[in-house]
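A.B. asks: Quick one: the structure is below, and I'll ask about it shortly.
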Amino acid sequence: MVPHSKNSPASPTSSSPLLHIDTTRLYREGVGAEGIDKTEIEALAPEFRRVHQTVIDKSAGGLNAEFACLSLHDSMPESLPQIEAAAEQMRHFEDVAVIGIGGSSLGAKAVYQALGADEPGPRRPRLHFLENLDPRHLDSLRRNRSAEKTAVICISKAGGTIETIVQYLIVREWLEQQLGKNEARQHQWLITDPAQGWLREVARRDGITSLPVPPRVGGRYSVLTAVGLLPLAAVGVDIRGLLAGSAANAARCAAENPRTNPALEMAAMFYLFDTRKNKRVSIMMPYADPLQLFGDWYRQLWAESLGKRRGGRRDDPPAGTLPVTALGTVDQHSQLQMYLESRRDKIFTFMTIDHWRQNPLIPLSSDDRKSFPYLEGKRLQDVLEAEFRATSQVITEAGHPNMTLCLPTLDAHALGQLIDLYQRATVYAALLYGINPLDQPAVEKGKKLAIQLLSGGR
Ligand code: PA5
């Protein structure tokens with residue numbers, strides 16, 4: 001971290017700074033015996049060539065490609081005018097209820113929090129994420145918000161996910177009762193598969209404005225499609241900056257050598273820690289409240305993409321490290337004891353922010369100065385940085401592998417880079433394990449079973 005800067009966040013141009021990614025302490029030289037030896041990485045060179053070539057082959061072809069999620073910075077710009085026009089209409093509302101779950105919610109939620117778009121501003125509605133089934137939350141929305149001033153974005157790629165649909169039905173009924181059917185339709189936007197599913201039928205039948213989820217982009221990889229871009233544009237997030245950041249990271253990951261391709265390096269390291277060192281818990285610990293929900297987004301991406309059997313059968317070896325989220329400094333006072341002294345099965349990713357726009361000086365009276373002489377002239381970020389460095393040092397001295405991702409500043413470009421970095425690393429990791437990063441067979445089973453139970457089955 002560096003001292004406070006009064007500059008506003010960098011505008012997302014090609015010269016916007018890249019994330020600083022420090023992986024030194026994942027290696028034996030940086031952390032000791034439990035780190036990865038450089039020779040172990042070098043021995044995988046043919047594998048790196050294979051997985052990198054697969055990513056290139058399967059991302060070519062834009063939205064029709066199997067890994068369409070890795071080139072959205074190239075394919076989405078042509079849809080931006082439609083997304084921006086819808087967002088512009090939404091600015092007339094005070095509140096926007098975003099109904100969706102998992103990949104249809106976590107990405108927008110994370111960026112909304114990270115960029116402080118929930119702070120009041122001119123012509124900026126507030127987003128309310130209706131994700132989990134929470135009768136109190138729904139009730140409070142209906143009691144405390146005005147239907148005239150509320151818009152709804154309902155998002156489901158499959159178009160029939162039960163948690164999403166029941167919340168949509170309840171909110172739609174409320175809008176219709178307050179405004180009448182025709183007016184209620186002007187308050188709704190549906191984001192779903194372009195051709196199929198219940199929501200698509202509703203859009204056609206009731207003439208509700210809809211935007212497509214590209215069919216080849218899976219839920220947890222869809223934050224850079226209308227799924228994330230529409231709600232974020234509605235609150236004024238720089239969605240072109242997000243895409244520019246994603247493009248910058250993709251360009252940075254163009255080589256087949258993990259030394260110069262950070263997504264491939266991360267995938268390779270997590271894969272090796274799992275398969276060679278029994279390190280099966282990967283902890284993401286931002287030292288920044290705004291990045292807390294980014295951890296939730298990463299957790300779903302990593303867990304649903306990699307938590308599988310390598311040959312697909314029950315008795316095949318499992319893949320994937322368990323993603324766990326923590327928050328600095330709070331979890332120093334909560335989980336750190338276990339991290340340091342319990343099972344040695346963990347790898348850590350710290351996240352920090354270099355330039356905070358807000359960074360107050362710590363005010364000290366002469367009495368305070370006597371008690372806390374080391375706080376003289378310090379700002380809040382100085383304390384945060386000291387806490388982060390202390391934790392990373394004790395973790396390193398205890399021999400636990402760890403890495404740090406430092407965002408130059410908290411802006412759309414940096415978030416776009418992070419999103420691409422993790423999506424790309426997840427796909428590479430899946431290819432190293434030999435599994436499909438895009439499916440989630442166990443989740444699908446659960447969805448079907450819930451419907452059977454509601455239908456009276458057992
Ligand atoms: O990544 C995924 O595919 C899932 O987590 C989905 O995002 C989640 O189940 C919601 O699905 P849908 O958008 O189809 O309602």
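A.B. asks: For region 356-377, which positions are surrounded by 10 or more Cβ atoms within 10 Å (Cβ to Cβ), farther than 23 Å from Leu291 by Cα and basic (Lys, Arg)?
C.D. replies: Hit for region 356-377 is Arg369, nothing else.
A.B. asks: Further question on the same structure: So for region 98-110 (the condition being under 27 Å from Thr161 (Cα atoms) and surrounded by fewer than 17 Cβ atoms within 10 Å (Cβ to Cβ)), does at least one residue qualify?
C.D. replies: No, because not a single residue in region 98-110 is under 27 Å from Thr161 (Cα atoms) and surrounded by fewer than 17 Cβ atoms within 10 Å (Cβ to Cβ).
A.B. asks: Still on this structure, I have one more. Considering every residue within region 282-290, establish whether at least one is modelled with pLDDT of 95 or more, in the same structural domain as Glu34 (by TED's automatic domain parsing), part of a loop (DSSP other than H, G, I, E, B) and open to solvent by 40 Å² or more (accessible area, probe 1.4 Å).
C.D. replies: No: region 282-290 contains no residue that is modelled with pLDDT of 95 or more, in the same structural domain as Glu34 (by TED's automatic domain parsing), part of a loop (DSSP other than H, G, I, E, B) and open to solvent by 40 Å² or more (accessible area, probe 1.4 Å).
A.B. asks: I would also like to ask the following. Determine, yes or no, whether Phe129 is open to solvent by less than 30 Å² (accessible area, probe 1.4 Å) and away from the ligand (no atom under 16 Å from the Cβ).
C.D. replies: When the stated conditions are applied, Phe129 does not pass them.
A.B. asks: Pull out all pairs, ordered by first then second residue, where Cβ-Cβ is under 7 Å, the residues are six or more apart or on different chains, the first lies in region 418-446 and is under 18 Å from Asp274 (Cβ atoms), and the second is β-branched (Val, Ile, Thr).
C.D. replies: Taking only residues 6 or more apart or on different chains, the pairs are Val427/Val55; Tyr428/Val51; Tyr428/Val55; Leu431/Val51; Leu431/Thr54; Leu432/Val51; Pro437/Thr426; Pro437/Val427.
A.B. asks: Would you list the helices (runs of 4 or more DSSP H) that sit entirely within region 362-458 and hold 3 or more residues that are within 20 Å of Met284 (Cα to Cα)?
C.D. replies: 380-397, 412-433
A.B. asks: For region 207-242, what are the residues that are in contact with a Gly (Cβ under 6 Å, 6 or more places away or on another chain) and either farther than 23 Å from Arg126 by Cβ or not in a helix (DSSP H, G or I) (or both)?
C.D. replies: Gly219, Arg220, Ser222, Val223 - these are the residues of region 207-242 that are in contact with a Gly (Cβ under 6 Å, 6 or more places away or on another chain) and either farther than 23 Å from Arg126 by Cβ or not in a helix (DSSP H, G or I) (or both).
A.B. asks: Grab the helices (runs of 4 or more DSSP H) fully contained in region 12-118, keeping just those with 3 or more residues being under 20 Å from the mean Cα position of the chain (by Cα) and either within 16 Å of the ligand (Cβ to nearest atom) or within 23 Å of Val217 (Cβ to Cβ) (or both).
C.D. replies: The helices (runs of 4 or more DSSP H) meeting that bar are 72-75, 106-114.
A.B. asks: Ok, one more. For region 295-310, does any single residue satisfy the condition of being open to solvent by 50 Å² or more (accessible area, probe 1.4 Å), away from the ligand (no atom under 16 Å from the Cβ) and closer than 25 Å to Ala43 by Cβ?
C.D. replies: The answer is yes; a qualifying residue exists.
A.B. asks: Considering only region 447-458, how many residues are touching a residue at least 12 places away in the same chain (Cβ under 8 Å) and more than 30 Å from Leu70 (Cβ to Cβ)?
C.D. replies: 3
A.B. asks: Which ones in region 46-60 are without any contact (Cβ under 8 Å) to a residue 40 or more places away in the chain and of a type in the set (A, V, I, L, M, F, W, C)?
C.D. replies: Ile56, Ala60
A.B. asks: Can you name every residue in region 431-454 that is within 18 Å of the chain's Cα centre (by Cα) and within 15 Å of His52 (Cα to Cα)?
C.D. replies: If the condition is that a residue be within 18 Å of the chain's Cα centre (by Cα) and within 15 Å of His52 (Cα to Cα), then Pro437 is the only one that fits.
A.B. asks: I would also like to ask the following. For Val394, are the conditions met, namely being in contact (Cβ under 8 Å) with a residue 40 or more places away in the chain and open to solvent by 20 Å² or more (accessible area, probe 1.4 Å)?
C.D. replies: So Val394 fits the description; yes.
A.B. asks: Moving on to the next point. Out of all the residues in region 397-451, which are among the aromatic types (Phe, Trp, Tyr) and within 16 Å of the ligand (Cβ to nearest atom)?
C.D. replies: From region 397-451, those among the aromatic types (Phe, Trp, Tyr) are 422, 428, 433; that's our starting set.
Within region 397-451, just Tyr422 meets the criteria.
A.B. asks: Let me ask something additional. Does region 137-158 contain at least one residue that is within 22 Å of the chain's Cα centre (by Cα), small (Gly, Ala, Ser), within 16 Å of the ligand (Cβ to nearest atom) and open to solvent by less than 80 Å² (accessible area, probe 1.4 Å)?
C.D. replies: yes
A.B. asks: Moving on to the next point. Could you please find all residues in region 162-181 being within 16 Å of the ligand (Cβ to nearest atom) and open to solvent by less than 20 Å² (accessible area, probe 1.4 Å)?
C.D. replies: Narrowing region 162-181 to residues within 16 Å of the ligand (Cβ to nearest atom): 162-169, 171.
Thr164, Ile165, Gln167, Tyr168, Val171 - these are the residues of region 162-181 that are within 16 Å of the ligand (Cβ to nearest atom) and open to solvent by less than 20 Å² (accessible area, probe 1.4 Å).
A.B. asks: When residues of region 327-357 are filtered for being touching a residue at least 24 places away in the same chain (Cβ under 8 Å), under 15 Å from Val383 (Cα atoms) and not in a loop (DSSP other than H, G, I, E, B), how many remain?
C.D. replies: The qualifying residues number 5.
A.B. asks: Answer yes or no: is there a residue in region 211-233 that is modelled with pLDDT of 95 or more, more than 15 Å from the ligand (Cβ to nearest atom) and among the polar types (S, T, N, Q).
C.D. replies: no
The values are calculated or read from the model by the stated rules, or taken from the named source; none is laboratory data. Since we're looking at a predicted model, the values are computed, not measured. Methodologically, a virtual Cβ is constructed for each residue, glycine included, from the backbone with ideal geometry; neighbour enumeration extends over all protein chains shown. Each accessible area value is taken on the protein alone, full model and side chains, heavy atoms only, with ligands, DNA and RNA left out. Shrake-Rupley method; radii C 1.70, N 1.55, O 1.52, S 1.80 Å.
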